[in-house]
Amino acid sequence: MPPQTDPTSPDRPLRVVLVNQYCYPDVASTGHLIHDLAIELAGRGLEVEVLTTQPSYGDKDSWVDCPKVQVEGGATFKRVWVPRVSKNVLAGRAMKDGVFLLQLGVRMLFGSRHDTVYLYSTAPPYGAIVGAMVGLVRRHRYVTLLYDSYPQLATWVGTFKKGSLIEKVWHGVNRFFYGRASEAIVLCKAAKRLVCENYPIDPERVHPIANWAPPGFEPVAKQDTNFAREQGLNDDFVLLYSGNMGLYYDFETVLGAAELLKDEPFKLVIVGGGGKKADVVEQVEKRNLTNTTVLPYQPFETLNDSLNACDASLVTIAEGIEGISFPSKLYTSLAVGKAIVAISEDWSELREKVEAADCGVWAELRDAEGLAAKLRELIHDPARTAAMGERARSLFELEYTREASASKYEEVLRLADPNATGAERTARRARLKERLGASDIPTEEMAS
């Protein structure tokens, strides 16, 4: 056992426990983020522990066995048992969530420490209920981390109806744990507005901190990539989408633009899988889009090569979804230094980020003609397109590395430090507000 540090000592490391149902080598994206965050925070001198489960998110061939306790990069990872069932089976998923929360509740009720800050993510979506309930009977300071917002996401996709009993109960659970949280972290300004309008938490305690791209993504000239040579992409302007073709993303607009650009030196390449893939393939065939190619996911070890096999990278988010979720694809697109082509609602933070940095172009959802016009500008001005790509990489290095995000996480966690003085919290809150900038979006501009 490592020697215990006096929790009242001003020189003691801040002790944090990150709670997320999934963690690398599990394939869930939140698991990769929590793993990266833990190692970065440990590298910054914090005492970090992660409470998670054995890998069980993806297909069975990804269900590897990990040690119950493992130290990596200075962080300690502790894994509890849950039944390994497919996440696509609703009853099995609920059982898995329940078993994890039950074990988590017992551990926190009898083993949580007064000198520790606990970070509860929304994996599972209602996990912070454990922190709120434990806080009723003992000192337990916690921060919430919102990845995807439920029940809003479930009603958006139609899992259950808006105004239904399950939605009302879920909102009640959220109100309970947000009301008792020391601080809250969200991914974007729209998510902050969503939380503050629906739950009893002071906006001063809700902090938008973006996700990041993992290490290993860097710019490579398109003509130097194997993927571009293999797919015959070097002679045309290439717009690339690589990732999940899920319900949260809009492809109708870009397919409409591709149809308008049939006679231009333009190719649209869509790589990945997901709920909308079959519809995308059908639309490509129906519209006879000979300038559009749909390909399966590429191996992770060659992902930097395939992401660089383009002149511009497509980032899109569907109507009504920003704030409920945010496209993490933006960060890998910035990392590889390609001009960003963003499609979203007009009030979107995605639009704001791209236009403020002049690292790409933006088009409104369903405006295929407007998108085609902006793509023509990029096609016929390669110097401007390349300059946008350089600014994209500069923006990534400034704001969206995991080191940059982890430093902001540390500030929030130190705000919740049980042993911090009032003066320390005031100074940290002012510094964090300055770093994160203004974060208000007029209510009338938000999607209902």
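Would you mind getting me the FRET efficiency between Thr302 and Arg84? Use the beta-carbon distance for r and R0 = 25 Å, nearest 0.05.
Plugging the Cβ-Cβ distance into 1/(1 + (r/R0)^6) gives 0.30.
Please list 21-30, 105-114, 191-200 highest first by mean number of surrounding beta-carbon atoms within 10 Å per residue.
Numbers: 21-30: 21.3, 105-114: 14.2, 191-200: 18.9.
For the peptides 21-30, 105-114, 191-200, the packing ranking is 21-30, 191-200, 105-114.
So, R0 is 25 Å and r is the distance between the beta-carbons of Glu319 and Ile166; what FRET efficiency does that work out to, to 0.05? Each step should come with its number before you reach the end.
Values: r = 24 Å, r/R0 = 0.95.
Rounded to the nearest 0.05, the efficiency is 0.55.
How long is the gain from Glu218 to Trp347 if the chain were fully straight, where each residue apart is worth 0.36 nm and the alpha carbon distance is subtracted?
43.5 nm
With both bridge residues required to lie in the chain, what share of the DSSP beta bridges run antiparallel, to the nearest 5%?
About 5 percent, rounded to the nearest 5.
Taking H placed 1.01 Å from N in the peptide plane, check which residues at least 5 places from Phe237 or on another chain put their amide H under 5 Å from its amide H.
For Phe237, the qualifying residues are Phe266, Lys267.
Taking 0.36 nm per residue of separation and subtracting the Cα-Cα distance, what length does fully extending Glu424 through Glu355 add?
Details: separation 69, 0.36 × 69 = 24.84 nm, distance 3.59 nm.
Extending this stretch completely gives an extra 21.2 nm.
Along the charge dipole of the chain, Cβ charges K/R +1 and D/E -1, which of Tyr409, Pro203, Ala94 sits furthest on the positive end?
Ala94
Mind checking the full-extension length gain between Lys262 and Asp59? Use 0.36 nm per residue of separation minus the Cα-Cα distance, one decimal, nm.
Extra length from Lys262 to Asp59 when fully extended: 69.2 nm.
Taking amide hydrogens as modeled 1.01 Å from N in the peptide plane, which residues meet the under 5 Å criterion relative to Gly272, leaving out close sequence neighbours?
Those qualifying (amide H under 5 Å, at least 5 residues apart or on another chain) are Gly243, Leu295, Tyr297.
Using Cα positions and a limit of under 16 Å, work out the lysines in reach of Lys68, with same-chain residues fewer than 8 apart set aside.
Qualifying lysines at Cα under 16 Å: Lys78.
Treat every Asp and Glu Cβ in the chain as -1 and every Lys and Arg Cβ as +1, leave all other atoms uncharged, and give the resulting dipole magnitude about the Cα centre to the nearest 20 debye.
Roughly 1980 debye for the chain.
DSSP loop trypsin sites (Lys or Arg not before Pro) in the stretch 251-317 with at most 13 other Cβ atoms within 10 Å of their Cβ, which ones?
Lys262
At 15 Å minimum axial length over the Cα atoms and a Kyte-Doolittle cut of 0.5, report the qualifying DSSP H helices in the chain, or say none.
Sorted by number, the helices that extend far enough and score high enough are 29-43, 90-111.
Hey, can you grab everything whose amide H is under 5 Å from the amide H of Phe77? Only 5+ residues off in sequence or another chain; H modelled, so Pro and N-termini drop out.
The list, which skips near neighbours in sequence, is Val50, Gln70, Val71, Glu72.
Estimate the FRET efficiency between Val106 and Lys286 by the formula 1/(1 + (r/R0)^6), using the beta-carbon distance for r and 45 Å for R0, to the nearest 0.05.
After rounding to 0.05, the efficiency reads 0.25.
Stick to Cα atoms and the Kirkwood definition of Rh, then tell me Rg/Rh for the stretch 230-303.
0.95
For the stretch 144-283, with the dipole built from +1 on Lys and Arg beta-carbon atoms and -1 on Asp and Glu ones, taken about the Cα centre, which of Trp170, Pro214, Gly256 lies farthest toward the positive end?
Trp170
Read the figures in this text as sums done on the coordinates, not as results from a lab. Bear in mind that the values here come from a model prediction, so they are computed numbers and not experimental data. Every residue, glycine as well, gets a Cβ built from its backbone with ideal geometry; the counts of neighbours run over all protein chains shown.
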